[in-house]
Amino acid sequence: MRFRLVAAAAVLAIVSVCAASSPASSPKRIVRAQAEPEATADVRVRLVREPSAEWRRDVVDRQNPAPKRVSGMLIEISIATQRLTAWQDGVVVLSTPISTGMPGYDTPPGHFHVLFKNPNAWSAKWGVIMPWALNIHGNYFIHQVTHYPGSRVNIGESRLGTRASHGCVRVGTGVAERLYRWARVGTPVWIH
């Protein structure tokens with residue numbers, strides 16, 4: 001049990017160092033480690049020095065997918081460049097301009113994954129069809145530019161490359177179907 005307490009305290013100390021964002025934080029930290037539901041202990045950890053900036057950056061890099069080092073599938077969406085890149089084992093399989101949410105309808109950044117796929121999703125809120133839709137979070141989708149029922153006129157195709165959607169990630173015609181057929185349920189999606 002003592003080994004578990006020491007190991008838990010060491011892990012918690014490392015986590016607390018990683019979470020510290022202020023360089024002025026005290027080098028002494030008190031960590032509460034819990035080995036078993038009934039057993040708790042206060043462990044004092046004295047850090048000799050703060051971790052280097054390089055070490056902290058390496059920890060952050062591991063939290064964010066690094067497409068050139070990752071194995072498997074990844075859909076990366078850059079809000080800054082308005083570009084979607086699909087990666088397979090560190091190799092680009094698709095790269096295309098997109099439209100993310102316009103101001104006031106921001107596309108949420110973060111780490112998501114494809115929850116379900118729908119080749120002809122319907123947006124009741126906006127009254128449009130969203131072809132080749134990949135649901136990634138709540139009511140947020142990656143989908144082809146929309147059109148009204150009974151019409152094949154695509155809304156927003158000329159605005160790709162700019163922030164023009166209501167929060168979803170719009171992809172051009174043709175490319176959206178390719179992405180839909182390539183992606184699987186569970187494919188990681190990184191929006192930044």
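The values are calculated or read from the model by the stated rules, or taken from the named source; none is laboratory data. Keep in mind the model is a prediction, meaning the values are calculated, not measured. Reconstructed Cβ throughout: ideal geometry from the backbone, glycine too, with neighbour counts over all protein chains shown.
Among the candidates Leu115, Leu84, Leu134, Leu74, which residue alone is touching a Ser or Thr at 6+ places or on another chain (Cβ under 7 Å) and either modelled with pLDDT under 95 or within 15 Å of Pro188 (Cβ to Cβ) (or both)?
Leu84
One line per residue, one yes/no per condition, for (1) of a type in the set (Ser, Thr, Tyr); (2) crowded, with 17+ Cβ neighbours inside 10 Å:
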residue: Asn135; (1), (2): no, yes
residue: Asn139; (1), (2): no, no
residue: Ala164; (1), (2): no, yes
residue: Thr173; (1), (2): yes, no
residue: Leu179; (1), (2): no, yes
residue: Ala183; (1), (2): no, yes
residue: Thr187; (1), (2): yes, yes
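Would you be able to tell me the number of residues in region 81-129 that are of a type outside the set (Phe, Trp, Tyr), free of Cβ contacts under 8 Å to residues at least 60 places away in the same chain and part of a loop (DSSP other than H, G, I, E, B)?
Final tally of qualifying residues: 7.
Go through region 134-192 and give me each residue that's β-branched (Val, Ile, Thr) and either in contact with a Pro (Cβ under 6 Å, 6 or more places away or on another chain) or under 11 Å from Leu84 (Cβ atoms) (or both).
Matches in region 134-192: Ile142, Val169, Val171, Val175, Val189, Ile191.
So, Trp190, is that one among the aromatic types (Phe, Trp, Tyr), in contact with a Gly (Cβ under 9 Å, 6 or more places away or on another chain) and at pLDDT 95 or above or not?
Answer is yes for this residue.
With respect to Ser151, determine if the residue is small (Gly, Ala, Ser) and assigned to a loop (DSSP other than H, G, I, E, B).
So Ser151 passes the test.
So, in region 117-128, of the ones that are within 18 Å of Arg181 (Cβ to Cβ) and touching a Phe, Trp or Tyr at 6+ places or on another chain (Cβ under 8 Å), which residue ends up surrounded by the most Cβ atoms within 10 Å (Cβ to Cβ)?
Among residues in region 117-128 that are within 18 Å of Arg181 (Cβ to Cβ) and touching a Phe, Trp or Tyr at 6+ places or on another chain (Cβ under 8 Å), the one surrounded by the most Cβ atoms within 10 Å (Cβ to Cβ) is Ala121.
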